[in-house]
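See structure below.
Every number here is computed from the coordinates shown, using simple stated rules; none is lab data. These numbers come from a predicted model, not from an experiment. All Cβ positions, glycine included, derive from the backbone under ideal geometry; neighbour counts span all protein chains shown.
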């Protein structure tokens with residue numbers, strides 16, 4: 001099935017990327033000549049998403065101005081100027097602006113390159129993999145050796161059938177959460193309405209045996225610091241991506 005709606009989490013302060021984020025929001029920082037959030041929006045548009053809710057807080061006016069000019073899908077703003085809601089609270093607030101059903105959730109400051117031309121994209125694969133009968137969420141994950149800018153932390157152990165647990169020696173292949181999820185909005189019907197971290201729902205799903213994931217095809221980049229930005233620019237130049 002084609003997923004038509006998405007939530008893009010973009011309201012963070014980007015403090016580790018200062019001084020750049022002293023004058024602009026992190027999702028608008030250009031990487032390879034393109035605002036970071038546009039990588040996420042383009043990936044969603046490429047798989048048929050027609051509407052994305054984007055939450056804003058830091059330099060919210062700049063975010064709204066940029067998103068007003070994005071033409072490949074309809075963007076609706078979830079305004080967090082008054083209070084940052086963290087990843088989980090921000091998602092729950094944004095869901096009120098979307099139709100109930102199956103959606104993508106993406107981070108605005110992580111992206112990937114190097115998908116195989118002519119084959120299904122990572123988001124298409126993730127959407128097809130998600131089975132709500134067995135899963136609360138399906139996460140896109142990446143082995144650490146296929147990352148740039150990551151701090152080295154191993155998030156999950158990935159079993160051969162795709163089931164995820166918190167990483168521990170012997171818990172499966174060590175992978176990093178790549179910032180993309182497929183889920184049913186009903187998962188959050190009884191969620192708190194204040195700020196909370198989405199990791200709470202990851203851990204609940206793990207406890208129930210209902211957190212699953214697939215490996216990303218390509219190379220994943222995260223830009224959390226000025227040094228990571230430089231590393232990402234180097235990777236993009238070497239790959240010839242978008243340049």
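Reported value for segment 1-127: 111 Å³ per residue, from the convex hull of its C-alpha atoms. Separation of segment 103-152 and segment 172-201, taken as the distance between their Cα centroids, equals 14 angstrom. Calculated on C-alpha atoms, the gyration radius of segment 156-243 divided by its Kirkwood radius gives an Rg/Rh of 1.06.
If the chain linking residue 186 and residue 173 were pulled fully straight, counting 0.36 nm for each residue of separation and taking away their Cα-Cα distance, it would gain 1.7 nm. The Rg/Rh ratio for segment 4-72 is 0.96, where Rg is the radius of gyration of the alpha carbons and Rh is the Kirkwood radius.
Of all DSSP beta bridges confined to segment 1-124, the antiparallel ones make up roughly 10%. Residues 194, 136, ranked from the fewest to the most other C-beta atoms within 10 Å, line up as 194, 136. With N counted as the residues of segment 95-243, its alpha-carbon radius of gyration over 2.2 N^0.38 Å works out to 1.08. Taking 0.36 nm per residue of separation and subtracting the Cα-Cα distance, full extension of the segment from residue 227 to residue 121 would add 35.3 nm. Using 0.36 nm per residue and subtracting the Cα-Cα separation, the extra length available between residue 215 and residue 97 on full extension is 39.5 nm.
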